[in-house]
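Student: Supplied in structure tokens, the structure appears directly below.
All of the numbers you see were taken from the coordinates with simple rules; none came from a lab. Quick caveat, the model's predicted, so the values are computed rather than measured. Note that each Cβ is placed from the backbone with ideal geometry, even for glycine, and that neighbours are counted across all protein chains shown.
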Amino acid sequence: MVIRTVVWGENVHDQENPVVQQVYPDTLHGTIAAGLNEDAGIEATTATLQEPEHGLTEARLAETDVLLWWGHAAHGDVDDAVAARVAEAVWSGMGLIVLHSGHFAKVFLRLMGTACNLTWREAGERERLWITSPNHPIVAGLPNAFELEQEEMYGEPFGVPEPLETVFVSWFQGGEVFRSGLTYRRGAGNIFYFRPGHETYPTYHDANVKTVLKNAVHWANNPQARRTGVTDAPNVPADKAPEPLEVRGPRLHKDGEAGYR
Ligand code: ZN
């Protein structure tokens, strides 16, 4: 079974900025998807902010195994209802890979529950990514460390919850460090945050980066059937309790009541 993968791009600088267009003539999301499609086990398509419901309808998400998210300039234009829908898809088992400036995407903020802030600098400096989790499936086929000659700097402290695993730590030419590859589990969904990918640099053409993303899609994919009703909060009345139970004391709720939200 191929992994049905959608690369979501906000598609703003891809359309407006000549530098970005020169580096990514096929758009960022188009380039990332093409890299993933080199893997016979992955079938990657794209969706963009400008499509109805940002290309992420209930039906599309239901048939998406792994979603990649690239956003930067237009996080605020993402509809709250779509962000909530994507988060719910993750809770139900869809994999999510959040790229670079997606740390401030509504979807990521919602799933992390923290500020997700960091320090940054756009100086075209060298980034060296060190593997901190050898033998992790996401680093299969990679050397112990690899470099990107030009990248934007992101520095610690990174305002995210403590991750499940730290897969990469980056060092930057200017001296800062950053936890640049982090895994999380939210509900039934696997999440990977991967730092590199500033749009004026050729990061997504880099062979090591392409390997990371292919590996990450395989890692994030949850082959189990998608869970349903992941936000349900059903009442279990006393007469349905697993053991015999006598109702005692005062009660706030009436029988059959839906409960507060
Ligand atoms: Zn950037």
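Student: Looking at Ala241 and the list (1) without any contact (Cβ under 8 Å) to a residue 60 or more places away in the chain; (2) within 20 Å of Val66 (Cβ to Cβ), which single condition is not satisfied?
Tutor: For Ala241, the exception is condition (2).
Student: Taking the stated definitions as given, is Val107 within 19 Å of Gly189 (Cβ to Cβ) and touching a Lys or Arg at 6+ places or on another chain (Cβ under 8 Å)?
Tutor: no
Student: Just give me the residues in region 73-98 being within 16 Å of the ligand (Cβ to nearest atom), under 19 Å from Glu16 (Cβ atoms) and among the hydrophobic types (A, V, I, L, M, F, W, C), in sequence order.
Tutor: Going residue by residue through region 73-98, those that are within 16 Å of the ligand (Cβ to nearest atom) are 73-75, 98.
Restricting the remaining residues to those that are under 19 Å from Glu16 (Cβ atoms) gives 73-75.
Selection gives Ala73, Ala74.
Student: Which fully enclosed helices (runs of 4 or more DSSP H) of region 15-70 have 2 or more residues being within 17 Å of the chain's Cα centre (by Cα) and not hydroxyl-bearing (Ser, Thr, Tyr)?
Tutor: On the way: elements: 18-23, 28-36, 58-62.
Fully inside region 15-70 and qualifying: 28-36, 58-62.
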